[in-house]
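*Asks:* Provided herewith is a single structure, encoded as structure tokens, for subsequent inquiry.
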Amino acid sequence: MSRIPLIAGNWKMNNTKRETLDFLSSFLPKVENITIEMAICPPFTDLYAAAEKLKGTKVKLGAQNMHWEETGAFTGEVSPLMLKEIPCDYVIIGHSERRQYFAETDETVNKKIKSAIKHNIAPIVCVGESLAQREEGITIDFVMTQVENALKDIKPEDAKKIVFAYEPIWAIGTGKTASASDAQEVIGAIRNKIEKLYNKDVAEDVRILYGGSVKPENIKELMAEADIDGALVGGASLKPDSFYALCSFNL
Ligand code: 13P
């Protein structure tokens, strides 16, 4: 088993092209000694400029969403062909904000994952329960259904390319982090589910991140858990210093 940790910054609707370039000017000189994988996921309009600046560096690039079709009459959408040409290494799929505000469903998430894999862009697939679901005691059932639906008709060799991100909705942007042991419980259950759906080999290869109020102060504790392979970070990824502090958690 050799899963390389990944810390990815989901910038959401923050940072113009200029701000992205300023971030990278300050962040990139710091990262020479970083041994884990790092990625930033800026808005679509910043991707090309970011990619140019990231050439020859260790930092990977991701988009925050994409359509599953390659071309067509889908005003306002961005296709996998467009992301591939940037080039993007990753694409976040099914973030809870997309599910909540833009009506994404398990079915569209599954289509997007298949399309991303077909185009050789690694999907970072988000799952996670609401506060009401946690209080009702249905967290594991709900998240396992999301995982199963995400993986529908995906072959084992393709499933290995997926990165999952467990992001409890109540922990996103609230300052309330799931405790490391609560995060491990759900993430361990996701890994067991993948083993049941495929086999141990696939389950051991798939990386599963935690997201939701990850900060320099709690990253070490989260990363110490057996099944947590990294973090998908919102707010704390927006400043070069705090993102560097997260990426250097093990130094
Ligand atoms: P915060 O780190 O701001 O809680 O956001 C988490 C998130 O949604 C990452 O995708």
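*Asks:* Hey, does region 198-220 have a residue that's basic (Lys, Arg) and crowded, with 20+ Cβ neighbours inside 10 Å?
*Replies:* Step one: of region 198-220, the residues basic (Lys, Arg) are 200, 207, 215, 220.
Then keep just the ones that are crowded, with 20+ Cβ neighbours inside 10 Å; that gives 207.
The answer is yes, given that some residue of region 198-220 is basic (Lys, Arg) and crowded, with 20+ Cβ neighbours inside 10 Å.
*Asks:* When you go through 115, 130, 181 one by one, which is the residue that is more than 14 Å from the ligand (Cβ to nearest atom), touching a residue at least 12 places away in the same chain (Cβ under 8 Å), hydroxyl-bearing (Ser, Thr, Tyr) and surrounded by fewer than 19 Cβ atoms within 10 Å (Cβ to Cβ)?
*Replies:* None of the others qualify; the one that does is 181.
*Asks:* When you scan region 229-238, how many residues do you find that are closer than 19 Å to residue 13 by Cβ and either free of Cβ contacts under 8 Å to residues at least 40 places away in the same chain or not in a loop (DSSP other than H, G, I, E, B) (or both)? Even if it seems obvious, please write down each step before you answer.
*Replies:* Going through region 229-238, the residues closer than 19 Å to residue 13 by Cβ turn out to be 232-238.
Retained after the next criterion (residues that are either free of Cβ contacts under 8 Å to residues at least 40 places away in the same chain or not in a loop (DSSP other than H, G, I, E, B) (or both)): 232-233, 235-237.
Count: 5.
*Asks:* Right, residue 20: among the polar types (S, T, N, Q), part of a loop (DSSP other than H, G, I, E, B) and out of contact with any strand residue (DSSP E or B) (no Cβ under 6 Å at 6 or more places or on another chain) or not? Quick ask: steps written out before the conclusion?
*Replies:* Details: among the polar types (S, T, N, Q): yes; part of a loop (DSSP other than H, G, I, E, B): no; out of contact with any strand residue (DSSP E or B) (no Cβ under 6 Å at 6 or more places or on another chain): yes.
When the stated conditions are applied, residue 20 does not pass them.
*Asks:* Of all the residues that make up region 133-149, how many are hydrophobic (A, V, I, L, M, F, W, C) and within 16 Å of the ligand (Cβ to nearest atom)?
*Replies:* We begin by selecting, within region 133-149, every residue hydrophobic (A, V, I, L, M, F, W, C); these are 138, 140, 142-144, 147.
Still in the list and also within 16 Å of the ligand (Cβ to nearest atom): 143.
The qualifying residues number 1.
*Asks:* Count, please, the residues in region 184-213 that happen to be free of Cβ contacts under 8 Å to residues at least 60 places away in the same chain and within 16 Å of the ligand (Cβ to nearest atom).
*Replies:* Residues flagged as free of Cβ contacts under 8 Å to residues at least 60 places away in the same chain and within 16 Å of the ligand (Cβ to nearest atom) within region 184-213 amount to 5.
*Asks:* Take the residues in region 157-178 that are surrounded by fewer than 14 Cβ atoms within 10 Å (Cβ to Cβ) and without any contact (Cβ under 8 Å) to a residue 60 or more places away in the chain; name whichever of them is farthest from the ligand (Cβ to nearest atom).
*Replies:* So in region 157-178, the residues surrounded by fewer than 14 Cβ atoms within 10 Å (Cβ to Cβ) come out as 157, 173-176.
Applying the additional criterion that residues be without any contact (Cβ under 8 Å) to a residue 60 or more places away in the chain yields 157, 174-176.
On the way: 157: 27, 174: 7, 175: 8, 176: 9 Å.
Here the answer is 157.
*Asks:* Kindly list the number of the only condition in (1) farther than 21 Å from residue 240 by Cα; (2) more than 16 Å from the ligand (Cβ to nearest atom); (3) without any contact (Cβ under 8 Å) to a residue 40 or more places away in the chain that fails for residue 101.
*Replies:* Condition (2) is where residue 101 drops out.
Read-outs throughout are calculated quantities, based only on the coordinates presented, and are distinct from any laboratory measurement. As the structure is a prediction and not an experimental result, all values here were calculated from the model. Ideal geometry is used to build each Cβ from the backbone, glycine not excepted, and the neighbour counts take in all protein chains shown.
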